[in-house]
Amino acid sequence: MNRSVRKTVIAGNWKMNNNRAQTKELIGEIAPLVKDAGCDVVLCVPYTNLETAVDAAAGTVIKIGAQNCHHESAGAYTGEISADMLAEIGVEYVIIGHSERRQYYGETDKTVNLRTKAALAAGLKVILCVGEHLAEREYGITDEVTALQTKVALSGITAGQMKDIIIAYEPVWAIGTGRNATSEQADHACAAIRATVAGLYGDQIAQATTIQYGGSMNAANAAELLSKKDVDGGLIGGASLKSKDFAAICGAVN
Ligand code: PEP
């Protein structure tokens, strides 16, 4: 990470875990442990826990995010939640394009782009996920895959809006598998994504863009991954459900 030009952000993705009581309890445990973290701290929780999480995080350094949003602001989209609805209840971040959304819910680069635009228009900060499948890595096309995903996702996004975009490099084969990318693989991929951003918006914006690594990051491997110059934080799944582990990852930034 290069903290002189960009923010380090550690974000937890709770996925479909925790009820409201557990949300309150876990945020209560995490908050004192991360109060002096040398990074921004975000927790992305299930929709039904968002208001509880916003209340529990008030007065702490923790910001709250959702895990998806729809691209229309209202309409006949049964089961969906708009970005405006999230912003209205105090949510500040939203994950867009997580590989589980792409895999199970038909999310495409095009819908990722639409959702990203809607989130920005609602005033949310976006954690935009890109990453290759194992076969794509084995074919040696990781950088091409992330470049394509990044370019389509950012299509129509202005240079001025880039300050509200965090990109999360999340190799699909590393998510929830216990098999993290090596720090060299993570650094290389984050640097390649930064080069793609530079091609779109110029070097100054690319250098200022936070690019996280996500995929089985934990208390034991965080320091090594975060020591790399192009890795500006982490998107953390499993380890964000345990207060001490998540706090240790935030602590590894220091
Ligand atoms: C994720 O869900 O974005 C993720 C990185 O999960 P995990 O840390 O469990 O691999």
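The values are calculated or read from the model by the stated rules, or taken from the named source; none is laboratory data. All values derive from a computational prediction rather than experimental measurement. Note that we place each Cβ from the backbone using ideal geometry, even for glycine, and neighbour counts take in every protein chain shown. Ligands, DNA and RNA are stripped out before the accessible areas are found, and what is left, the full protein with its side chains, is counted by its heavy atoms. Shrake-Rupley method; radii C 1.70, N 1.55, O 1.52, S 1.80 Å.
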### Query
Relative contact order for the chain using alpha-carbon pairs under 8 Å, separation at least 6, rounded to a whole percent?
23
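What is the percent carbon and sulfur in the accessible area of the chain, measuring with a 1.4 Å probe over the protein chains and ignoring ligands? It would help to have the intermediate numbers written out before the result.
On the way: 5650 of 11030 Å².
Carbon and sulfur: 51 percent of the exposed surface of the chain.
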## Note on the structure
Computed for segment 1-114: size of charge dipole around the Cα centre, +1 on C-beta of each Lys and Arg, -1 on C-beta of each Asp and Glu, debye to nearest 20, value 400
### Task
For Met16 and Ser155, calculate 0.36 nm times their separation in residues minus their Cα-Cα distance, and state this gained length in nm to one decimal.
47.1 nm
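Report the Stokes-Einstein translational diffusion coefficient (µm² s⁻¹, integer) for segment 192-254, Rh taken as the Kirkwood radius over Cα pairs, at 10 °C with viscosity 1.306 mPa s.
Numbers: Rh = 12.4 Å.
It comes out at roughly 128 µm²/s.
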### Message
List the pairs from Lys110/Lys244; Lys110/Lys242; Lys15/Lys117; Lys151/Lys242; Lys24/Lys228 whose alpha-carbon separation is above 31 Å, in the order I gave them.
### Response
Lys110/Lys244; Lys110/Lys242; Lys151/Lys242; Lys24/Lys228
### Query
Taking the Cα centre of segment 70-129 as origin and charging only Cβ (+1 Lys, Arg; -1 Asp, Glu), how large is the dipole, in debye to the nearest 20?
200
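Could you state the accessible area per residue of segment 37-195 in Å², with a 1.4 Å probe and every protein chain left in place?
Details: 6800 Å² over 159 residues.
The answer is 43 Å² per residue.
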#### Entry: Equivalent ellipsoid dimensions for the chain as semi-axes, Å, which come from the Cα gyration tensor, largest first
24, 22, 17
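Using the Kirkwood formula on the Cα atoms of segment 52-131, what hydrodynamic radius do you get, in angstrom to one decimal?
One decimal place: 12.9 Å for the Kirkwood radius.
Which residues make up the longest stretch of the chain that has no chymotrypsin sites (Phe, Trp or Tyr not before Pro) in a DSSP loop with at most 12 other Cβ atoms within 10 Å? List each step's numbers first, then the result.
Numbers: sites that count: Tyr77, Tyr105, Tyr139.
The longest such stretch corresponds to 140-254.
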### Summary
Shape call for segment 1-145, from the Cα gyration tensor axes a ≥ b ≥ c (a/c under 1.5 means rounded, otherwise prolate when a/b beats b/c, else oblate), comes out oblate
